[in-house]
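Okay, structure first, notes after.
The values are calculated or read from the model by the stated rules, or taken from the named source; none is laboratory data. Quick caveat, the model's predicted, so the values are computed rather than measured. All Cβ positions, even for glycine, are placed from backbone atoms using ideal geometry, and neighbour counts span all protein chains on display.
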Amino acid sequence: MLLDEFDIHDVIEAPKLERRDILKMGLAGMLGAIVPLAPVKSANAMYAERRVTFRHQHTGESFSGVYRVGNKYMPAAFERLNYVLRDFRTDDVFPMDPRVLDIISILQEKTGTDKPFEILSGYRSPKTNAMLRGASTGVARNSFHMYGQAIDVRMPGYNTRKLFSLARSMRAGGVGFYPRSDFVHVDTGKIRSW
């Protein structure tokens, strides 16, 4: 897909943020909405597309496609991404940090396969996070999920420990490995792993 096929209103350059948006997204999320994780480094790559493919384990809904062209995020794609990655327990939709999509897109590329991710959790409302925290010791009180800055994934048919190692090698944010539940957590926080 070439950029000239798009209307200028189909791309995002730098979103207009209001105070409540900053509070919702957190400072890291705001920066992610402005600065892509993997910026385009050459003029030749100005039209490079970034894509991602996944299916939500709990809803069966999926996304497969381009969400970014060069350094510009696609609003229509994010409308769908935000919906699929919503809190499926409450149906609350929240804007996902574009950098977390960059992380899983690059991670998907690094696997060397075209297999889709299985999403276990994207956005999590404070109500859902509190409920999960009451049922498990592995849920953070101030989880990055509540700010649209985290996604829990696995890739059926792909070794989850290897997926964790690939994600950790990216040094792009937080990465957690949950072998008993067989998933990897990625977020746009500081670089750390567990």
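Tell me whether the range 99-119 contains one or more residues that are in a helix (DSSP H, G or I) and polar (S, T, N, Q).
Here is the first cut: in the range 99-119, the residues in a helix (DSSP H, G or I) are 99-110.
Among the residues that remain, those that are also polar (S, T, N, Q) are: 105, 108.
Within the range 99-119 (the criterion being in a helix (DSSP H, G or I) and polar (S, T, N, Q)), the answer is yes, since at least one residue qualifies.
Listed here are the residues, each with its yes/no results for (1) loosely packed, with under 15 Cβ neighbours inside 10 Å; (2) charged (D, E, K, R).
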{"position": "Glu79", "(1), (2)": "yes, yes"}
{"position": "Phe94", "(1), (2)": "no, no"}
{"position": "Pro98", "(1), (2)": "no, no"}
{"position": "Gln108", "(1), (2)": "no, no"}
{"position": "Arg124", "(1), (2)": "no, yes"}
{"position": "Thr128", "(1), (2)": "no, no"}
{"position": "Phe144", "(1), (2)": "no, no"}
{"position": "Arg154", "(1), (2)": "no, yes"}
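Could you give every pair whose Cβ atoms fall below 8 Å, whose first residue belongs to the range 102-114 and is polar (S, T, N, Q), and whose second residue is assigned to a helix (DSSP H, G or I), counting only separations of at least 6 or pairs across chains?
Between residues of the range 102-114 that are polar (S, T, N, Q) and residues that are assigned to a helix (DSSP H, G or I), the close pairs are Thr111/Leu163; Thr111/Leu166.
Only strands (runs of 3 or more DSSP E) wholly contained in the range 130-190 count here; list those with 1 or more residues that are free of Cβ contacts under 8 Å to residues at least 40 places away in the same chain, out of contact with any Gly (no Cβ under 8 Å at 6 or more places or on another chain) and charged (D, E, K, R).
150-154
Has the range 132-144 got any residue that is touching a Ser or Thr at 6+ places or on another chain (Cβ under 9 Å), under 21 Å from Thr53 (Cα atoms) and at pLDDT 95 or above?
No, because not a single residue in the range 132-144 is touching a Ser or Thr at 6+ places or on another chain (Cβ under 9 Å), under 21 Å from Thr53 (Cα atoms) and at pLDDT 95 or above.
Kindly evaluate Phe78 against the criterion of being assigned to a helix (DSSP H, G or I) and either among the aromatic types (Phe, Trp, Tyr) or more than 23 Å from Pro126 (Cα to Cα) (or both).
yes
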